[in-house]
Amino acid sequence: MKKLSLLAATFVAAFASLPATAADGTINIEGEVTSNTCVINAADTNQTITLPKINVSQLAAQGASAAHSRFVIRISGCAGSATNARAFFEANGVNVDYTQNALKNLITTTDKAQGVGFALWNESNRQRIKIGTPGNDHGTSWIPVSGAGPVELGYEASYLRTTTAAIVPGKVRGQVQFSIDYN
């Protein structure tokens, strides 16, 4: 009898430690894997965009941007049924400030600027790109592609004031990964 009650107590204790399984919502995830491909120019796969030095006064209020600097991603040799392409700037919780829709300042030394990150912009209409946002509302424009190419996907990077507090001058460095999106 003692063996049975010990077994029952072990059974109850095991189930008491399981997490509750009540659901409050559902997340559906969809995507598509395609054979559409373009070749990215090798020099464009790992770029460094150097913005000019600016004065903190150029970023007068939270959300202000300055020193818009153009960069391109060149693609060619597009194959498959895709007729358009664009860059998708990927989400990365370490590098992206989702509240400000900005690239975080990754400098960790004492000469780090505070209150400043980077914004990405669509070159064709200067619309701010929503980093890591899938679908048609993330801010990059579709560019027509042909089999031969080359085609330039044009974007801009800028400083972005991310705080209402005073900016602490210093160095700023950000990073974002991208992939090519097709339709």
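Remarks
- N95 out of contact with any Ser or Thr (no Cβ under 9 Å at 6 or more places or on another chain) and either on the phi < 0 side of the Ramachandran plot or of a type outside the set (A, V, I, L, M, F, W, C) (or both): yes
- Matching option when the condition is farther than 25 Å from G117 by Cβ and either of a type outside the set (D, E, K, R) or buried (at least 16 other Cβ atoms within 10 Å of the Cβ) (or both), among I49, I54, I75: I75
Residue by residue, here is whether (1) aromatic (F, W, Y); (2) in contact with a His (Cβ under 8 Å, 6 or more places away or on another chain); (3) within 16 Å of N101 (Cβ to Cβ); (4) buried (at least 16 other Cβ atoms within 10 Å of the Cβ) holds:
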position: N125; (1), (2), (3), (4): no, no, no, no
position: R128; (1), (2), (3), (4): no, no, yes, yes
position: P134; (1), (2), (3), (4): no, no, yes, no
position: L153; (1), (2), (3), (4): no, no, no, yes
position: V176; (1), (2), (3), (4): no, no, yes, yes
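- Complete set of residues in region 88-127 that are of a type in the set (K, R) and modelled with pLDDT under 90: R126
- The set of residues from region 155-173 being crowded, with 22+ Cβ neighbours inside 10 Å and part of a loop (DSSP other than H, G, I, E, B) comprises just one member, T162.
- Flag for P150 being within 20 Å of I49 (Cβ to Cβ) and in contact (Cβ under 8 Å) with a residue 40 or more places away in the chain: yes
- The number of residues in region 35-66 that are touching a strand residue (DSSP E or B) at 6+ places or on another chain (Cβ under 7 Å) and either at pLDDT below 95 or not hydroxyl-bearing (S, T, Y) (or both) comes to 19.
- Pairs where the first residue, in region 73-89, is of a type in the set (K, R) and the second is surrounded by 20 or more Cβ atoms within 10 Å (Cβ to Cβ) and part of a loop (DSSP other than H, G, I, E, B), C-beta under 8 Å, 6+ apart: R86/T140
- Picking from residues in region 15-34 that are loosely packed, with under 10 Cβ neighbours inside 10 Å and polar (S, T, N, Q), the one that is modelled with the lowest pLDDT is S17.
- Selected residue [out of contact with any Gly (no Cβ under 9 Å at 6 or more places or on another chain) and in contact (Cβ under 8 Å) with a residue 24 or more places away in the chain] from A42, A64: A64
- Residues that are within 13 Å of the chain's Cα centre (by Cα), surrounded by 14 or more Cβ atoms within 10 Å (Cβ to Cβ) and free of Cβ contacts under 8 Å to residues at least 60 places away in the same chain within region 90-116 comprise A91, N101, listed in sequence order.
The values are calculated or read from the model by the stated rules, or taken from the named source; none is laboratory data. What you see is a predicted model; the values in this text were computed from it and never measured. All Cβ positions, glycine included, derive from the backbone under ideal geometry; neighbour counts span all protein chains shown.
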